1. Kindly indicate which of B:GLY39, B:GLY95 is within 23 Å of B:THR171 (Cα to Cα) and within 16 Å of DNA strand C (Cβ to nearest atom).
2. Of all residues in the stretch B:81-117, which are more than 13 Å from the chain's Cα centre (by Cα) and part of a loop (DSSP other than H, G, I, E, B)?
3. Only one residue in B:ASP159, B:ASP131, B:ASP109 is touching a helix residue (DSSP H, G or I) at 6+ places or on another chain (Cβ under 7 Å) and at pLDDT 95 or above. Which one?
4. Listed residues A:ASN3, A:ASN64, A:ASN42, A:ASN29; which is exposed (fewer than 14 other Cβ atoms within 10 Å of the Cβ), at pLDDT 95 or above, on the phi < 0 side of the Ramachandran plot and of a type outside the set (Asp, Glu)?
5. What residue, among those in the stretch A:167-179 that are touching a residue at least 12 places away in the same chain (Cβ under 8 Å) and facing chain B (nearest Cβ under 9 Å), is farthest from B:PHE122 (Cα to Cα)?
6. Looking only at residues that are more than 6 Å from DNA strand C (Cβ to nearest atom) and not basic (Lys, Arg) in the stretch A:45-60, which one is surrounded by the fewest Cβ atoms within 10 Å (Cβ to Cβ)?
7. Of the residues B:ASP182, B:ASP159, B:ASP132, which single one is within 7 Å of chain A (Cβ to nearest Cβ) and surrounded by fewer than 21 Cβ atoms within 10 Å (Cβ to Cβ)?
8. When you scan the stretch A:185-206, how many residues do you find that are closer than 18 Å to A:ALA102 by Cβ and surrounded by 15 or more Cβ atoms within 10 Å (Cβ to Cβ)?
There are 2 protein chains.
Amino acid sequence: MNNLSSDKKVEVAAKSGYHHGDLRSELLNAVRLLVEEKGSENFSIAEAARKAGVSSAAPYRHFNDKPEILKALVMQAMEEKAMEMRRVIEPHPIGSLERINALGKCYIDFARNHPGMFRLVFGKTESHENDDDLRQQGEKVFGIVVEAVAQVLGIQADDPEALKRAYMLWTMVHGHSWLQIDGKAKQQGIEFPEDHLLNEISNRILGEIPR
Amino acid sequence: MNNLSSDKKVEVAAKSGYHHGDLRSELLNAVRLLVEEKGSENFSIAEAARKAGVSSAAPYRHFNDKPEILKALVMQAMEEKAMEMRRVIEPHPIGSLERINALGKCYIDFARNHPGMFRLVFGKTESHENDDDLRQQGEKVFGIVVEAVAQVLGIQADDPEALKRAYMLWTMVHGHSWLQIDGKAKQQGIEFPEDHLLNEISNRILGEIPR
DNA sequence: CAACCCATGTAAGTGTCACTTACTTTGAAT
DNA sequence: ATTCAAAGTAAGTGACACTTACATGGGTTG
């Protein structure tokens with residue numbers, strides 16, 4: 001929303017050497033790289049500062065502490081994610097399973113391609129659980145799934161059944177994502193074609209089942 | 001099973017004050033508590049040593065580094081888990097969905113009741129991915145599930161279909177467990193009765209689906 | 001029974017980190 | 001031109017992982 005400012009310390013307020021000019025957003029870029037490289041638990045603010053060419057105390061002019069930096073990053077990433085999700089369902093007809101599959105693929109691809117950020121966004125982070133901004137941002141993202149599910153089932157998005165089915169789908173893609181990036185599936189010799197798996201799952205969860 | 005030795009440094013090999021007598025296992029107990037209390041990423045060896053009443057260098061006589069302590073703990077926990085799983089399916093008839101549900105409940109209960117250990121055992125830990133002892137221990141546990149699934153489907157346990165269905169179930173209970181302990185589900189206002197959810201899932205994954 | 005030795009303990013040290021405090025610089029408003 | 005607050009720095013605190021050199025003492029051996 002605010003600052004997707006590009007690479008490095010370009011444009012606005014070019015620094016004099018002392019005052020940086022755009023440290024906040026450059027720090028976020030640096031942290032993003034480090035989170036990807038070392039994981040959100042193991043990156044250090046000190047190293048991000050070094051990367052940005054400032055002292056290790058400088059970041060504290062822009063963020064109170066580690067969790068606050070991470071929150072800013074998560075907010076950014078979720079915004080981007082919501083946009084991507086809207087984009088990937090758009091080509092498929094409303095109410096089709098393809099939409100569901102596209103959303104699942106989008107989730108899993110995020111995990112595979114950016115495991116560090118995925119862990120940060122969809123895992124636990126100290127002090128992020130009760131944050132209202134993050135809750136709201138999460139609702140925006142999950143709401144896209146619930147709506148697509150409701151359209152498949154031909155019910156209203158606020159029908160609890162839609163929420164339940166969406167949650168069942170979520171558990172599967174979420175579980176699959178973690179088992180993949182944590183290496184548990186591969187460790188157990190489990191490797192199935194992913195699109196097939198996704199398709200079978202959405203069929204079983206959203207289809208009628210003989211009782 | 002082995003040493004639920006109570007508080008402090010009791011019984012066997014009572015120390016002279018200098019040599020502890022059974023530091024290795026007391027350290028493991030201390031670490032287990034700390035992992036539960038602060039999470040496997042945030043516990044410190046130093047604090048475990050303090051808890052055991054020894055210097056901060058002492059643990060390094062028994063373990064090379066942090067991951068090695070954690071590995072010992074995981075091996076213990078998985079052994080216990082495999083035993084518990086065999087125990088919970090035992091009352092239910094072979095080939096019944098109750099067996100599957102019991103296994104699912106067992107997994108989720110572990111996550112809920114011991115989130116710290118669950119994260120450690122079923123999450124990612126530095127240098128645990130390619131460890132052969134851990135892989136083998138994991139196979140033992142997952143094998144119980146695959147066997148139960150095969151019995152429901154009336155096929156051989158080495159049939160790839162059994163592995164696939166078992167994996168689908170795994171993704172769901174795994175995903176559900178993480179979403180619960182990370183607070184993501186509650187954050188989104190999602191709270192369904194768990195046994196109902198489990199039952200619906202096992203029905204859908206192991207039942208025939210009209211194509 | 002004495003001597004020894006090695007597993008197991010300690011103290012002290014290194015380098016890193018998160019975060020704080022007191023001071024400095026500088027662009028912008030007055 | 002002066003001033004002032006935002007944004008930077010240096011130096012410090014306390015914690016930690018892990019290392020090194022040294023200490024202790026129980027079990028084995030002569």
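1. From the options B:GLY39, B:GLY95, the qualifying one is B:GLY39.
2. B:GLU90, B:PRO91, B:HIS92, B:PRO93, B:ILE94, B:GLY95, B:SER96
3. Of the residues listed, the single one that is touching a helix residue (DSSP H, G or I) at 6+ places or on another chain (Cβ under 7 Å) and at pLDDT 95 or above is B:ASP159.
4. Matching residue, one of A:ASN3, A:ASN64, A:ASN42, A:ASN29: A:ASN64.
5. A:MET168
6. Among them, the one singled out is A:SER55.
7. On inspection, the qualifying residue turns out to be B:ASP182.
8. Filtering the stretch A:185-206 for residues closer than 18 Å to A:ALA102 by Cβ gives A:193-206.
Okay, now just the ones that are also surrounded by 15 or more Cβ atoms within 10 Å (Cβ to Cβ), so A:194, A:197-206.
Number of matching residues: 11.
The values are calculated or read from the model by the stated rules, or taken from the named source; none is laboratory data. Treat the numbers as computed from the prediction; the structure is a model and nothing was measured. Because the Cβ atoms are built from the backbone with ideal geometry, glycine has one as well, and the counts that use them run over all protein chains shown.
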